[in-house]
Amino acid sequence: MKSHRRFLLRLRPRLWTIRARTLYVNVILHPKCICGTLPAMNSPTIDEFAQQLVAEDELGSVVRAHLHIEHHMEELVRAVVPNPRALKHLGLDFVGKVRLLSVMGFDDELTSPLLGLGSVRNRFAHRLNCKLTPQMMRQFYDSLGKTGKQTVHEAYERTRKQSDAKHPKKLWSLDSKMIFSMLASTIRVQLLLAIKIQTGSYPPGSVPDRFVSNPLQY
């Protein structure tokens, strides 16, 4: 059974991307993600995570996103390697974990955005007073695959239509932090779906109960 799960994404390489797109567009970035109050930090759901990133300053948003996403990367790595207890002896950094996911059969649709996030985080780690810029966000956006990019635009359009506040029609008219929050949230959803496919369940607290309990959902 474990072996079957380990190679599931190789047999169905696009399944998790299709599901991630559906989950993200229908759950995340409802109006409260832009103008709502900050929820508790413990076990953030998908939409709570987006709210938390928006509520932070730029440095806090980047660091928070990186910490959560690296944690989910580690969950996914432990789910697919034959002997997860041996991982602690490898001393893998963020890029090393991404490379390991590539070795285990995950394609660029997942791994390229992770490297894009790592690049953004490194700029903040090594440059005093670093700021998110439109050019940086374009580069980050370009690291997403076709499905990820389409997901971001559909989620923003849904948010814009449902929100009472006025938001620009075009995604790129948003400020850079808002764009970063949307891109990082997309990556997290992709990881959550990959974990779900490998283990049979989402990480605790990450997806609202109404979606987990619905037998028609994934």
Whole-Hz Karplus couplings 3J(HN,Hα) for the range 44-54, θ = phi - 60° and coefficients 6.51, -1.76, 1.60, Gly and Pro as x, run x, 6, 4, 6, 5, 4, 4, 4, 5, 5, 5
Dipole of the range 75-140, positive direction: furthest Cα of Ser102, Cys130, Val81, with charges on the beta-carbon: Cys130
Across the Cα atoms of the range 60-113, what radius of gyration and what greatest pairwise Cα-Cα distance (Dmax) are found, in Å? 11.4, 35
Of the candidates Pro204, Ala194, Thr151, the farthest towards the positive dipole end of the range 68-218 (Lys/Arg Cβ +1, Asp/Glu Cβ -1, centred on the Cα centre) is Thr151
Normalised per residue, the volume inside the convex hull of the alpha-carbon atoms of the range 70-218 in Å³ amounts to 143 Å³
If R₀ is 25 angstrom, what is the calculated FRET efficiency for the pair Ser173 and His71, using the beta carbon separation as r and rounding to 0.05? 0.20
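Which net charge results for the neighbourhood of Arg78, defined as the other residues with beta-carbon distances under 11 angstrom from its beta-carbon, given Lys and Arg at +1 and Asp and Glu at -1?
Every neighbour counted, the sum reads +1.
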Run down the lysines and flag those whose C-alpha is under 19 Å from the C-alpha of Lys196, throwing out any fewer than 8 positions away in its chain. Lys2, Lys97
Which of the lysines could a cross-linker span from Lys161 if the Cα-Cα distance has to be under 17 Å and same-chain partners fewer than 8 positions apart are dropped? Lys32, Lys169, Lys170
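Given a Förster distance of 22 angstrom, what is the FRET efficiency for Lys166 paired with Arg138, based on the Cβ-Cβ distance and rounded to 0.05?
Details: r = 24 Å, r/R0 = 1.10.
In this case the efficiency is close to 0.35.
Here, each number is a calculation from the coordinates, and none is a lab measurement. The structure presented is a predicted model; accordingly, all values stated were derived computationally and were not measured. Quick reminder, even Gly has a Cβ in these numbers, built from the backbone with ideal geometry, and neighbours come from all protein chains shown.
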